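Beneath this line is the structure, given in structure tokens, with notes to follow.
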Amino acid sequence: MERLKQLWARTGTRMGFVTLMVILFWLKTLVAYFVDFKLNLSDPFQFLIVLLNPIATTILLFGLALYFKRARFFYPFLFLIDILNTLLLYINVIYFREFTDFMTVSTMLGYSKVDQGLSGSSLALTSPHDILYWLDLVVILVLLAVRRIRIDPRPVNKRVGLAVTSVAFLAFTVNLSLGEMDRPQLLTRTFDRTYVVKYLGLDAFTVYDGIKSGHTSEMRANAKKSELDGILKYIHKNYAAPDKQLYGVAKKKNVIIIHLESFQQFLINKKVNGQEVTPFLNKLYKSKSTYAFDNFFHEVGQGKTSDAETMLETGTYGLPQGSLFTQLGNDNTFQAAPAIFDQAGYSTAVFHGNVGSFWNRNNTYKNLGYQYFFDASYYDTSGDKSLGYGLKDKLLFNDSVKYLEHLQQPFYVKYLTVSNHFPFTLDSEDSSFKTPDTGDKTVDNYFKTANYLDQSIKEFYAYLNKSGLAKNSIVMIYGDHYGISNSSNKNLAKVLGVNPDDWNDYDNAQLQRVPLMFNMPGYKHGKVEHTYGGEVDVLPTLLHLMGMSSKQYLQFGTDLFSKEHNQVVAFRNRDWISPDYTSIDGTIYSNKTQQEIHPTGKLKEKLEKMQDKVNQGLSDSDSLNQKNLLRFYNPKGFKAVDPSDYNYANGLTKAEKLEKSLGLKSTSIFSRDGDKSTQDLYRTDAPELNHKETDSNRIKITNQDDTSGK
Ligand code: GP9
Ligand code: MN
């Protein structure tokens, strides 16, 4: 008691008072963290970081008051800072209740076209415990007024102020290092706003976001329409006319895209312990109904999955650093596949078992023109139904049927799978696949999760056939990027039958092949194509198969089936691979001999030209995106996307309403079958649906990422 009294008396000193305010603010931040925000804490370490992260910035900001000599400045300033910081916290609390996301600076300033602000009244979003966010300020003010807290007229020494500021910076550095330990490249890659708040706190997030958006808006403000000229020239020169035979072979068909998470080409036709790893995909690969590519490369940078999505749906490259989705997805102008298909009369949707805010998809998809986004909130992801990145694949395909069947046909839909993601863990109940034994758990388990993914696609295909969707659809299947990073490739070498001691950079580069297949059930002329290409080439290829022109769009790749297709595959770091040569960090290898070469004369010139073209494509794509130049460009017949047309809540209700209003004209399979669900056609052996108890062997790993060797 005595001790408490003594402590309380300290509040009558300036240092004591600042300390009190810091503690109170820290406590209410924790209320926000644990009651209002969903930070998805997965282990005690993250819990610790969250406890600590409000401290550094609060000390820094509140400590500034100590630099004021006079009491009549010190107290009001401290209150002002506290009120502003509380306001920031509180508007985020309100915003989070509606959007499950944090407010960006451009949203606050009203710049962002995507977040149209709160839909209901903010009053409806308040909750009784909100009083906790403001109560401390009122109580302290009263205590000061009635002199229960004394006003201290004595200024603190300037050195004390400086010491407090330094302590705050030190604390922030420690905080940042802890964050980086748990989530390497946190700030360069910015996976998700929740991550930055989780590791660094709300103040740090807001400042960081403000700096970034300031930089972006400056680049945009200075951009001129004439900057498009050079880019247009490059693109027109690069354009490859479609192959006449294949143009329109899939006209008017549904487009079903299956994004194979972290799936590399070497898995195709691979046997481990005498078993095929992906027997179903192997079958599709050789089928006469499929055009498959065996020299197709991923071209992603730090934005990984989101880079793959960027390339496949906009025909432009990801950014040199970070993810285009998170950096520019909120308000960039795109002329992307979902909008192109929408305007050709298609319904468009994404099915994904992770939270909508990951890679800022919930905002970016609106600018791409997606009508529906069925994210984790649409599925039961409880218990053992999900792992680190969300709903398990078998469940994703099964649980999406109830949405898919209500979409008007033709549709353009994308399934983003997640189970085959680093660290490649599955519950023991999900697989009995016998893994190789390389001694590297990541490498070994990769085959197991790939096998699981293969099974989930097999189940989905069975449904497509039974429901009759298959014959009206073109299914495009691709691997988004590597699963095994370069640092583990030596361990993989054994499984590939290569001596690990001979493994080098050239081998790493060749291993960046991922599958690409266009499967058209019923088609008879498919084959495995050996053309070299990359992810940026997919959009013009798909458009041409659909009988849609790509000529009016600014796309950096070329149709893989075209005789004029450019076979130099550009990587994000300016390395490249062509059918004959591979360039890594400026070193040229001959693909034939797999040895380094030192070209001279004509060959040297030719290779330099190739490099120039690679550089130009990448940098033109970057200025197009970073300066948002597409806002100056109007492709013939294309209507600009208005993101405020889209809202991803209540997707099913929206689709059902449309069915009703179309009546007999409705083309959904639900309407086609006389308002009967096709769900019971779906067969899955997913154990999660057949039992209630959870598996005691499972290791729950949440929000981890393969960041090694990048
Ligand atoms: C998360 C999933 C994984 O939603 O798409 O992204 P990645 O880590 O592969 O970029
Ligand atoms: Mn991915």
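We did not get these values from a lab; they are worked out from the coordinates using the rules stated. Predicted model, so just to flag it, every value in this text is computed and none were measured. Counting neighbours? That spans all protein chains shown, and the Cβs are built from the backbone with ideal geometry, glycine included.
Rounded to the nearest 20 Debye, what is the dipole magnitude of the range 226-644 about its Cα centre when Lys and Arg each give +1 and Asp and Glu each give -1 at the C-beta?
Details: 44 positive and 46 negative charges, 295 e Å.
With only Lys, Arg, Asp and Glu charged at Cβ, the dipole is about 1420 debye.
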Quiz item: Under a point spin-label approximation (7 Å from Cα along Cα-to-Cβ), what is the residue 672-residue 15 distance to one decimal in nm?
Solution: 7.6
Quiz item: Once Lys and Arg get +1 and Asp and Glu get -1 on their Cβ, which of 264, 428, 443 lies farthest toward the positive end of the dipole of the range 226-644?
Solution: 264
Practice problem: Mean Kyte-Doolittle of at least -0.5 plus a Cα span of 20 Å or more along the axis: flag which DSSP H helices in the chain meet both, please. | Solution: 14-31, 44-63, 71-99, 131-145, 158-182, 202-221
Quiz prompt | Dipole of the range 157-222 [Lys/Arg +1, Asp/Glu -1 at C-beta], most positive-end residue of 177, 202, 161 | solution = 161
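What is the range 266-309 by shape, rounded, prolate or oblate, if you read a ≥ b ≥ c off the alpha carbon gyration tensor as root eigenvalues and call it rounded for a/c under 1.5, prolate for a/b larger than b/c, and oblate otherwise? All intermediate terms of the calculation are to be shown ahead of the outcome.
Details: a/c = 2.88, a/b = 1.60, b/c = 1.80.
Oblate, because a/c is 1.5 or more while a/b does not exceed b/c.
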Self-check item: Rounded to 5, the percent of DSSP beta bridges in the chain classed as antiparallel
Solution: 45
Quiz item: ³J(HN,Hα) across the range 377-384 via Karplus (A = 6.51, B = -1.76, C = 1.60, θ = phi - 60°), whole Hz, x for Gly/Pro?
Solution: 5, 8, 10, 7, 10, 6, x, 8
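Taking the Cα centre of the range 2-220 as origin, sum charge times position over the Cβ atoms of Lys and Arg (+1) and Asp and Glu (-1), and report the length of that vector in debye to the nearest 20.
Details: 23 positive and 16 negative charges, 230 e Å.
Dipole of the range 2-220, to the nearest 20 debye: 1100 debye.
Sorted by packing (mean other beta-carbon atoms within 10 Å per residue), highest first, where do 381-391, 549-559 land?
549-559, 381-391
Take 14, 361, 3 and order them by how many other Cβ atoms sit within 10 Å, fewest up front. Numbers along the way, then the final one.
Working: 14 23, 361 27, 3 7.
Least crowded to most crowded, the residues run 3, 14, 361.
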Quiz item: So which aspartates and glutamates pass the test for residue 471, namely a Cα distance under 18 Å, with those fewer than 8 places away in the same chain ruled out?
Solution: 405, 459, 673
Exercise. Sequence neighbours fewer than 8 away in the same chain don't count; with that in mind, list the lysines whose C-alpha is under 22 Å from residue 604.
Key: 592, 613
Exercise. Report, largest value first, the span of the C-alpha coordinates of the range 226-644 along each principal axis, in whole Å.
Key: 58, 55, 42
Quiz item: Taking the Cα centre of the chain as origin and charging only Cβ (+1 Lys, Arg; -1 Asp, Glu), how large is the dipole, in debye to the nearest 20?
Solution: 1560
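Can you tell me the order of 532-542, 621-631 when each peptide is scored by its average per-residue count of other Cβ atoms within 10 angstrom, highest first?
Per-residue Cβ counts within 10 Å, averaged per peptide and sorted highest first, yield 532-542, 621-631.
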Quiz item: Sorted from largest down, what three extents in whole angstroms do the Cα atoms of the chain have along their principal axes?
Solution: 89, 70, 56
Quiz item: How much FRET efficiency would the formula 1/(1 + (r/R0)^6) give for residue 591 and residue 344, where r is the Cβ-Cβ distance and R0 is 51 Å, rounded to 0.05?
Solution: 0.85
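How many Lys pairs in the range 2-220 lie less than 16 angstrom apart by Cα atoms, where the lysines are 8 or more positions apart or on different chains?
For the range 2-220, qualifying lysine pairs total 4.
Relative contact order, percent, of the chain when contacts are C-alpha pairs under 8 Å separated by at least 6 residues? Could the numbers behind the result be given before it?
Working: 1217 pairs, mean separation 135.6, N = 710.
Averaging sequence separation for qualifying contacts and normalising by length gives 19 percent for the chain.
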Quiz item: Among 566, 582, 647, whose Cα sits farthest toward the positive end of the charge dipole of the range 560-673 (+1 at Cβ of Lys/Arg, -1 at Cβ of Asp/Glu, about the Cα centre)?
Solution: 647
Exercise. Run the numbers on the range 222-358 and let me know its relative contact order in percent, using alpha-carbon pairs under 8 Å that are six or more apart.
Key: 10
Quiz prompt | Cβ-based net charge around residue 567, under 13 Å, with every Lys or Arg adding one and every Asp or Glu removing one | solution = -3
Quiz item: Over the range 123-211, what is the relative contact order in whole percent, taking alpha-carbon pairs under 8 Å and six or more residues apart?
Solution: 14
Exercise. Tabulate in residue order the Karplus-calculated ³J(HN,Hα) for the range 672-681, using 6.51 cos²θ - 1.76 cosθ + 1.60 with θ = phi - 60°, rounded to whole Hz; enter x for Gly and Pro.
Key: 4, 8, x, 6, 10, 6, 9, 3, 6, 7
Quiz item: Can you list residues whose amide H is under 5 Å from residue 297's amide H, if they're 5+ apart or on another chain and H is modeled 1.01 Å from N?
Solution: 514, 533, 534, 535
Self-check item: the range 604-666: chymotrypsin sites (Phe, Trp or Tyr not before Pro) in DSSP coil with no more than 16 other Cβ atoms inside 10 Å
Solution: 638
Exercise. Within 10 Å of each residue's Cβ, count the other Cβ atoms and sort 492, 232 from fewest upward.
Key: 232, 492
Practice problem: Run down the lysines and flag those whose C-alpha is under 20 Å from the C-alpha of residue 434, throwing out any fewer than 8 positions away in its chain. | Solution: 270, 271, 392, 394, 448, 458, 494
